[in-house]
Amino acid sequence: MDVQEAVAEGTASAENGEVKRDGRKQFSMGPGDILEGKLIYDGSVHADGKVEGEVRVTGNIDVASGASVKALLEGANVTLKGQVEGMVTARDKLTLGKNARLSGDIQVRRLQIDDGATLNGHVRMGDFEHQASGQ
Amino acid sequence: MTLSTRRPASRLATPVPAENGSNGHRNSVVLGPNDRLVGQLYIEGDLHVSGSVEGNLEATGDIEIAGSGKVNGDVTAYNRLTVGSDASLIAGDVRVARLTVEDGAKFSGKVSMGQPVSKVAEPVAVVPEPVVVVPEPEKPTQKGKRR
């Protein structure tokens, strides 16, 4: 029993940091993890715990519901469920979950805001049909 | 021959139903797909837009931009704003208590949430100050008291 628990813990802690998922890299943080500084990453990021600084990724960014983020975020699809302060750029889609709290300017191609989310900031959306000159 | 019997005076007489008023429903205004508004609109109640609006909207209840509705202007909803998947809101300022934007919607502007939306547009009733007339104490005149 004790050995099984130890193995389970070991598996869980191995998910923190870099893991392979479907052939793509994922940087996965746990609720107690802290990231300060600038992260440029070829893959996706699951942010939890505390993040301060700048995160730019080629894949997706996913901010967990308990996370506290004060950072510039840039990714393809960005999904926020926690508290975020800072500029957010989604090259494809930004999703604000029902418990998300975002204060900062956002630039997106597509936007989905669920009821209950809080947003304070400027929204800029690209790919307008009626905009002759794209940004 | 007059074109219309709708005089401004007759419109003024139309009573605005209060929220949850006698009919049990909140006042609701609908701008359909073929409707168009240029200017400003203030509604005590809910507003559904599936037409096109060029100007500022303010509602004490919910505002829903649905269907292929297009709004180009500031939007203030004291409760909830919903922008549907085929709808478009290109705004300067968006001041709402709750916000739902469906995937596919065109949405841009400065969003302010969280702070209680105050009734800025409500006209302040001007109550004329009552003029207090203090009667001057009558001076006893020597003439009147002469016996």
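Some points to look at:
- A single member of A:Ala71, A:Ala90, A:Ala76 is out of contact with any Leu (no Cβ under 7 Å at 6 or more places or on another chain), surrounded by fewer than 19 Cβ atoms within 10 Å (Cβ to Cβ) and either assigned to a strand (DSSP E or B) or of a type outside the set (A, V, I, L, M, F, W, C) (or both), and it is A:Ala76.
- Note on segment B:63-83: residues that are in contact with a strand residue (DSSP E or B) (Cβ under 6 Å, 6 or more places away or on another chain) and surrounded by fewer than 21 Cβ atoms within 10 Å (Cβ to Cβ) total 6.
- Checking each residue in segment B:92-112 for being facing chain A (nearest Cβ under 9 Å) and either in a strand (DSSP E or B) or closer than 19 Å to B:Gly61 by Cβ (or both) picks out B:Val94, B:Arg98, B:Leu99, B:Thr100, B:Val101, B:Lys106, B:Phe107, B:Ser108, B:Gly109, B:Lys110, B:Val111, B:Ser112.
- Members of segment B:65-91 that are away from chain A (no Cβ under 11 Å) and among the hydroxyl-bearing types (Ser, Thr, Tyr): B:Ser68, B:Thr76, B:Tyr78
- B:Gly73 satisfies every condition listed in (1) in contact with an Asp or Glu (Cβ under 7 Å, 6 or more places away or on another chain); (2) at positive phi; (3) modelled with pLDDT under 95 except (3).
- Checklist (1) more than 30 Å from B:Asp62 (Cα to Cα); (2) surrounded by fewer than 20 Cβ atoms within 10 Å (Cβ to Cβ); (3) modelled with pLDDT of 95 or more applied to A:Lys25, failing item: (3)
- Here is the figure for segment B:60-78: residues that are acidic (Asp, Glu) and either part of a strand (DSSP E or B) or under 15 Å from B:Lys106 (Cα atoms) (or both) total 2.
- Single residue of A:Thr118, A:Thr89 found to be more than 10 Å from the chain's Cα centre (by Cα) and more than 12 Å from chain B (Cβ to nearest Cβ): A:Thr89
- Residue check, A:Ser28 hydroxyl-bearing (Ser, Thr, Tyr) and touching a helix residue (DSSP H, G or I) at 6+ places or on another chain (Cβ under 7 Å): yes
- In segment B:1-59, the residues that are outside any strand (DSSP E or B) and modelled with pLDDT of 75 or more: B:Arg26, B:Asn27, B:Gly32, B:Pro33, B:Asn34, B:Asp35, B:Glu44, B:Gly45, B:Ser50, B:Gly51
- Condition check for A:Gly66: surrounded by fewer than 17 Cβ atoms within 10 Å (Cβ to Cβ) and not β-branched (Val, Ile, Thr): yes
The values are calculated or read from the model by the stated rules, or taken from the named source; none is laboratory data. The structure presented is a predicted model; accordingly, all values stated were derived computationally and were not measured. Because the Cβ atoms are built from the backbone with ideal geometry, glycine has one as well, and the counts that use them run over all protein chains shown.
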